[in-house]
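Following: one structure in structure tokens, then a few remarks.
The values are calculated or read from the model by the stated rules, or taken from the named source; none is laboratory data. Fair warning: this is a prediction, and the values are worked out from it, not measured in the lab. Counting neighbours? That spans all protein chains shown, and the Cβs are built from the backbone with ideal geometry, glycine included. Quick note on the areas: whole protein, heavy atoms, side chains included, nothing else; ligands and nucleic acids left out. Shrake-Rupley method; radii C 1.70, N 1.55, O 1.52, S 1.80 Å.
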Amino acid sequence: MDTSPASAIRWLFEGQQGPRDRLIPRWLLLRALGGIYLSAFFSLVFQVRGLIGPAGILPAADYLHAVAQSLSSWQRIWYAPTLLWFSSGPVMLGALCWAGILASLQLVLNFWPRGMLVICFVWLCIIRLAPHRTFSGYQSMLLEAGFISFFFAPPGVRPGLGRGHSPSRASLFLLQWEWFRIYFQSGVVKLLSGDPEWRNFTAMDEYYQNGPLPTWIGWYAQHLPHWFHAATVYATLALELGLVWMLFLPRRWRIACFFIVTPWQIGVILTAKLHISELSRPRHGCAAAR
């Protein structure tokens with residue numbers, strides 16, 4: 001067995017030596033990632049003008065003007081690499097969002113996945129100026145997943161399952177590591193934040209009515225008794241701090257982890273339209289974490 005550094009690097013990064021049993025999961029993940037990019041760009045079509053448009057909350061033009069006054073020509077482009085230097089009006093903002101939507105749709109349809117991932121990544125970075133990051137810090141997780149997925153995706157314009165180019169082990173591990181970090185760090189933040197409501201199992205008592213994106217299902221969940229909310233606090237901590245470690249166990253354990261975490265996450269989305277990691281962010285002036 002060749003144990004040289006060059007062989008180890010090939011084993012980690014070359015698709016020809018990647019795991020052959022991950023072709024269908026890779027296909028599904030990339031289609032789902034395209035759908036997530038699509039939802040991000042589609043929501044921006046209706047929000048971006050009110051956020052960073054000329055009459056928005058934090059206009060991009062004002063931010064870029066301040067950058068231009070502080071830095072030289074090349075420094076300002078390096079500091080804020082965006083097409084909004086040419087124009088930050090409604091037409092440019094709308095065009096960027098619709099270009100992202102088209103690239104996301106092509107990724108969903110498995111057309112040139114690597115190229116579409118580059119476009120989605122770059123376009124989202126272009127729109128996410130410092131003012132916009134105030135409203136969408138959570139999109140950093142999407143950008144990280146999109147960047148790693150470029151190396152995870154098969155090459156070619158119509159690659160199908162990419163049977164001739166398996167996913168590299170390095171990109172597979174990094175995507176799994178990001179998933180683990182999102183959950184585990186959310187649990188750690190809850191315990192280290194000093195918020196007594198997580199220790200007293202009362203953090204979920206007012207969660208559903210204080211969430212920024214409540215649903216009609218959440219209204220009914222809010223009226224469930226305290227023992228239910230206390231149980232969900234316990235289940236949340238147990239999942240984020242304990243169950244997610246099943247990711248690093250053999251395949252049967254990982255499958256069991258999937259069938260536990262996925263229904264749980266669906267329940268979170270149906271009741272509050274938030275990722276479970278958002279539960280770690282406290283809301284000032286209310287009785288629960290967001």
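Looking at the stretch 25-36, is at least one residue in contact (Cβ under 8 Å) with a residue 24 or more places away in the chain, surrounded by fewer than 16 Cβ atoms within 10 Å (Cβ to Cβ) and not β-branched (V, I, T)?
Yes, some residue in the stretch 25-36 is in contact (Cβ under 8 Å) with a residue 24 or more places away in the chain, surrounded by fewer than 16 Cβ atoms within 10 Å (Cβ to Cβ) and not β-branched (V, I, T).
Only one of (1) basic (K, R); (2) touching a Leu at 6+ places or on another chain (Cβ under 6 Å); (3) without any contact (Cβ under 8 Å) to a residue 12 or more places away in the chain fails for R199. Which number is that?
Unmet condition: (2).
Any residue in the stretch 156-174 that is within 15 Å of N110 (Cβ to Cβ) sitting within a Cβ distance under 9 Å of a residue that is open to solvent by less than 30 Å² (accessible area, probe 1.4 Å) and of a type in the set (D, E, K, R)? List the pairs, counting only those 6 or more apart or interchain.
Matching pairs, first to second residue: L161/R26; G162/R26; P167/R26.
If a residue counts only when it is in contact with a His (Cβ under 6 Å, 6 or more places away or on another chain) and on the phi < 0 side of the Ramachandran plot, which helices (runs of 4 or more DSSP H) contained entirely in the stretch 1-105 have at least 1 such residues?
23-52
Looking at (1) in contact with a Pro (Cβ under 8 Å, 6 or more places away or on another chain); (2) open to solvent by 20 Å² or more (accessible area, probe 1.4 Å), find the lone condition where A153 falls short.
Here A153 meets the rest and fails (2).
Across the stretch 37-57, which residue is modelled with the highest pLDDT among those that are open to solvent by less than 20 Å² (accessible area, probe 1.4 Å) and hydrophobic (A, V, I, L, M, F, W, C)?
F41
Of everything in the stretch 73-97, what is open to solvent by less than 50 Å² (accessible area, probe 1.4 Å) and not small (G, A, S)? Give them in sequence order.
T82, L84, M92, L93, L96, C97
Sort out which residues of the stretch 182-195 are surrounded by 15 or more Cβ atoms within 10 Å (Cβ to Cβ) and of a type outside the set (A, V, I, L, M), and write them in order of number.
Correct list: Y183, F184, S186, G187, K190, D195.
Please go through the stretch 212-225 and give me each residue that is without any contact (Cβ under 8 Å) to a residue 24 or more places away in the chain and of a type outside the set (S, T, N, Q), ordered by number.
Residues satisfying the conditions are W216, W219, Y220, H223, L224, P225.
Among the residues of the stretch 98-112, write down those that are of a type in the set (G, A, S) and crowded, with 19+ Cβ neighbours inside 10 Å.
Within the stretch 98-112, G100, A103, S104 meet the criteria.
What tally of residues in the stretch 113-128 results from selecting those that are out of contact with any Cys (no Cβ under 9 Å at 6 or more places or on another chain) and either of a type outside the set (A, V, I, L, M) or open to solvent by less than 10 Å² (accessible area, probe 1.4 Å) (or both)?
Number satisfying all stated conditions: 9.
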